[in-house]
């Protein structure tokens, strides 16, 4: 029985019970191991190991070790359920198994309590199962163990140091940057290029060591080779760079050389990087290099941003790339989507029942033919290639330049496109625009819009696109034409709303973003997915809105992945952090809006209809009656600003009286007893009624003045106000808002009237609400006015220059 099958049989409330690494160990791994035949007396827990790499050292602890015949045969590394199992996690478990004993353990296992990856240390074969005790006994008897060589031990020690001290690695790379710029006299905008050349040599040498040759990225060996050849360590390193370029021809210019001319500078960097391992630890290296060398300089014309791993992981898992798929990212940046796709497909190859020879052939095809990328920025293009090399290759088809004009990105060629293109940047080259349906005849078009068309065109029939976009493209009226074009070419497979500020730690982007999934229609239009997966993310696995990346416990995307894989459900579900997700039938999606909040709201409305016998769409109850007025400069007006209205309750304690030249140009006119709804930032839920004694008042055009229909079943504005303030209606209003952030979110007039449904209470209930609400509002207003009158009189007695007409709130 697999661990997933065991969980389904034994843990009914997985997402509630399993939250931490300790939960995984206690509630899943240990009972599951017992079901496989292992006894607690055959296990060791939290065994510490001291690891030395050069002058650096680190102590690591294995979670669980299984002992057979006095030998450690399995080392299990437990992860929290919110941790995805990627190459870093796999390498960590393998390193534990290699260092725990001599000879090493037979198996390394890493699990987050749902996924499992088991690696045979001697053959490299990986599976998604933990062997039972009987299988382990059989495998031990058949295995041919051996001790690790000194070269292998050194590389494992370096790897363990890198995996367990990322903060020290960050400091080392920062020191290296300073040395290159200050000692090597390399400009700050050029130091990245020199660093990547040094990294390329290091990775080539680590690859040699992996194949049993000496790693020459060591000061002592450079000096020894220099002495043997009667030359300098600097010249030896230049030769190593030439060899690395032959192994990895990543540069456009084959004569690319090292521009650091100071030997001490170069050797100082080599010495600092020497103890660390870069192969297979690409996320840490990539993050450090990006943060230190590139983050401050890459806010250029193409608006480059780093896509966080949490989002990349979710997209790749949902897209589920298959063996043999041709995968494209036309705005690949540092290569995140391509790297995760490479690792995901590699794992499928490893888990396949194919022979080793067949696997090798398919793996070579993955490297040579299946991964394609385009990137406008030269530095990021090089970093993408470096990152792919760190993770195992696949850099051959990464091209630098404008992907919209790249002839190597063929139409109808790719099975899968995963990308995060530049947002909202005008693109104005006539010759290119006229090649696009969404650009022809325009003076300019936004890059993200053109990228969507480029991606769709590049897909084969039935191919799928998963793309990060500004949410406005999915819901603003001005992009209706764009959504109509999408719906004419594709079906929707996925719509996920990301929290505002999700990209601020990775480039300061404040755009409210979404993930959109599309399937390209085939000629017969018979490839329509029956359901669309929808989600609004509250927590994404790290703090949003902050300038630096800081992981947190909750990640709604992981919960989406877990639930989505278990099949279709049509009830709206809520994550631990307040996110929502559900499946929606494809036939219910139209080009009007395709953002997740709106579509989830349409599901919720259906559920609301089952709870209330009398539910009415808002346009059947009231209309918007805005009367615009331009104030005269010298005339006095009552003037109510939006912040003068209390959130949620809608209470008003004072209304100022000011001259027209003090308040602005254009407003809506309201009268005493009128009800208004503030369309901006619906989370604050400002619904208010103008006090009866105020004959006329100017209010912001961010407020809709509402008028009940004569035939309305609502008896008064006070009843309507209470209904609009209810949680049932507020949640709908929040979902249908559009905008780049919650503070800028607005509800469009047509959505307000046509997409919101309100319950109609019976007459007796309405009369009670009217009686209570009208008394409460009037009592509050009168008490506030009385307080302000007495307050101002007291202050005037103390010679304070004060006027009740200038006070905003009591």
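Worth pointing out:
- For residue 380, the stated conditions do not hold, so it cannot be described as at negative phi, in a strand (DSSP E or B) and touching a residue at least 60 places away in the same chain (Cβ under 8 Å).
- Check on residue 231, outside the structural domain of residue 62 (by TED's automatic domain parsing), surrounded by fewer than 20 Cβ atoms within 10 Å (Cβ to Cβ) and in contact (Cβ under 8 Å) with a residue 60 or more places away in the chain: no
- A single entry from 585, 657 fulfils the requirement of being under 30 Å from residue 803 (Cβ atoms), surrounded by fewer than 17 Cβ atoms within 10 Å (Cβ to Cβ) and touching a strand residue (DSSP E or B) at 6+ places or on another chain (Cβ under 8 Å): 657.
- Scanning the stretch 681-698 for residues that are surrounded by 18 or more Cβ atoms within 10 Å (Cβ to Cβ) and either in contact with a helix residue (DSSP H, G or I) (Cβ under 6 Å, 6 or more places away or on another chain) or over 22 Å from residue 776 (Cα atoms) (or both) yields 681, 682, 685, 687, 689, 691, 698.
- Some residue of the stretch 356-373 being modelled with pLDDT under 85 and out of contact with any helix residue (DSSP H, G or I) (no Cβ under 8 Å at 6 or more places or on another chain): yes
- Some residue of the stretch 591-609 being over 27 Å from residue 476 (Cβ atoms) and touching a strand residue (DSSP E or B) at 6+ places or on another chain (Cβ under 6 Å): yes
- Lone qualifier among 724, 728, 720 - being modelled with pLDDT under 95 and in a helix (DSSP H, G or I): 728
- One residue from 113, 37, 54 being crowded, with 21+ Cβ neighbours inside 10 Å, assigned by TED's automatic domain parsing to the domain that holds residue 128 and at positive phi: 113
- Residue 310 meets the conditions (1) modelled with pLDDT of 85 or more; (2) outside the structural domain of residue 566 (by TED's automatic domain parsing) in every case but one. The failed one is (2).
- Only a single criterion out of (1) within 23 Å of residue 664 (Cβ to Cβ); (2) at pLDDT 95 or above; (3) under 37 Å from the mean Cα position of the chain (by Cα) is not satisfied by residue 681, namely (2).
- The number of residues in the stretch 561-601 that are free of Cβ contacts under 8 Å to residues at least 40 places away in the same chain and either in the same structural domain as residue 747 (by TED's automatic domain parsing) or more than 30 Å from residue 20 (Cα to Cα) (or both) comes to 2.
- For the stretch 760-810, a tally of residues being over 17 Å from residue 644 (Cβ atoms) and in contact with a strand residue (DSSP E or B) (Cβ under 6 Å, 6 or more places away or on another chain) returns 1.
- Residues of the stretch 480-505 that turn out to be in a helix (DSSP H, G or I) and either in contact with a helix residue (DSSP H, G or I) (Cβ under 8 Å, 6 or more places away or on another chain) or crowded, with 19+ Cβ neighbours inside 10 Å (or both), as a count: 7
- Filtered residues of the stretch 425-442 (kept if farther than 18 Å from residue 484 by Cα and touching a helix residue (DSSP H, G or I) at 6+ places or on another chain (Cβ under 9 Å)): 425, 426, 427, 432, 433
- Residues located in the stretch 749-776, provided they are surrounded by 18 or more Cβ atoms within 10 Å (Cβ to Cβ) and either under 21 Å from residue 608 (Cβ atoms) or under 29 Å from the mean Cα position of the chain (by Cα) (or both): 751, 752, 753, 755, 756, 757, 758, 760, 761, 766, 769
- Any hit, the stretch 208-217, residues being modelled with pLDDT of 95 or more, surrounded by 15 or more Cβ atoms within 10 Å (Cβ to Cβ) and touching a helix residue (DSSP H, G or I) at 6+ places or on another chain (Cβ under 8 Å): yes
- Residue match in the stretch 562-578 (condition: surrounded by 18 or more Cβ atoms within 10 Å (Cβ to Cβ) and on the phi > 0 side of the Ramachandran plot): no
- Qualifying residue in the stretch 447-470 (condition: assigned to a loop (DSSP other than H, G, I, E, B) and either closer than 26 Å to residue 427 by Cβ or free of Cβ contacts under 8 Å to residues at least 24 places away in the same chain (or both)): no
- From the options 101, 128, 132, 95, residue that is closer than 23 Å to residue 39 by Cα, out of contact with any strand residue (DSSP E or B) (no Cβ under 7 Å at 6 or more places or on another chain), assigned by TED's automatic domain parsing to the domain that holds residue 24 and modelled with pLDDT of 85 or more: 132
The values are calculated or read from the model by the stated rules, or taken from the named source; none is laboratory data. These numbers were taken from a predicted model, which means no experiment stands behind them. Virtual Cβ from ideal backbone geometry, glycine too; neighbours counted across all protein chains shown.
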